[in-house]
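Working notes, beginning with the structure itself.
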Amino acid sequence: MVSFSSAQKIRPAIPLAPWTIDEVAGRFVEISGGAASAALTLTFTLIGQAQARGEPVGWVTLADSSFYPPDAAQGGIDLAALVVIRLARADAIARAGEKLLRSGGFAIVVLDLGGADIPMPLQTRLTGLAHHHHSALICLTEKNHGAFSLGSLVSLRVHAEKKRVEGNRFACALRVLKDKRRGPTWNYEDIYSGPAGLC
């Protein structure tokens, strides 16, 4: 994921369900979408909530793929308080995430996987650690909504979408494809204003 529509939330568009850190705490969450989806915007919404509580957040990604820091800062994210790990190999992302979760010190651990996968034994460990420490494990994947999820251990699978409303205002939505707690019976949408360079 390489772009970030900054988290300048304007107003709820369709308050169908909350998209909050409490909703994802202790869970293995997959947010899928294309390269220009709302996945980063909606992930940073959760990060902002964690930072407002003074809780640390870790982000693991490839060295050549990252969010755009000025957009994150414009959206209210404290970059100095965000632990970012950039790695050379995709297969190292989940292992680095395991170390962050094992520490028990992070409210959210984001694994920006792109098209990478996670072996099932490692998924099992990650899921157990997220549950044990009540941390949100959020995996960002680039795939369409009809593609398979990372695996059966994913507790919440959502697909992120965005559409321009007018000017630099965008409707950013999550379509729930799988929810082991409530079933795929809810969606979420909010209106955000995009950064100056967003088209």
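Below are the figures for this structure:
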| quantity | calculated |
| --- | --- |
| Overall dimensions of region 40-153 as given by Cα atoms, namely Rg and Dmax in Å | 13.6, 38 |
| Highest-fluctuation residue, R181, R164, R125 considered, GNM on the chain with Cα pairs under 10 Å | R181 |
| Spacing of the two label points (7 Å from each Cα toward its C-beta) at D22 and K99, in nm | 3.4 |
| Residue range of the chain that is longest and free of chymotrypsin sites (Phe, Trp or Tyr not before Pro) which are both DSSP loop and sparsely packed (at most 16 other C-beta within 10 Å) | 1-147 |
| Where the Cα pairs of the chain fall when distances are cut into 10 Å bins, in % | 9, 40, 40, 11, 0 |
| Estimated 222 nm signal from helices in the chain, with DSSP H stretches of n ≥ 4 weighted -39500 (n - 2.57), rounded to 500 | -7000 deg cm²/dmol |
| Förster-model FRET efficiency, 30 Å R0, S152 and H132, C-beta, rounded to 0.05 | 0.95 |
| Ranking of I21, I191 by count of other Cβ atoms within 10 Å, fewest first | I191, I21 |
| Which listed pairs, of K143/K163; K99/K178; K143/K178, have C-alpha distances above 23 Å, in listed order | K99/K178 |
| Part-to-part distance (alpha-carbon centres) for region 44-60 and region 75-132, which is given in Å | 13 |
| Listed residues K99, K162, K143, most fluctuating in the chain (Gaussian network, C-alpha, under 10 Å) | K99 |
| Gain on full stretching of the segment that runs from V83 to T185 - 0.36 nm per residue minus C-alpha separation | 33.4 nm |
| Karplus-derived HN-Hα couplings along region 177-182 (A = 6.51, B = -1.76, C = 1.60, θ = phi - 60°), whole Hz, x at Gly and Pro | 9, 7, 9, 6, 8, 10 |
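Any read-out appearing in this document is the output of simple, stated calculations on the displayed coordinates, not a laboratory observation. This structure is a prediction, so every number in the text was calculated from the model and none was measured. So basically every Cβ, Gly included, is an ideal-geometry build from the backbone, and we count neighbours across all protein chains shown.
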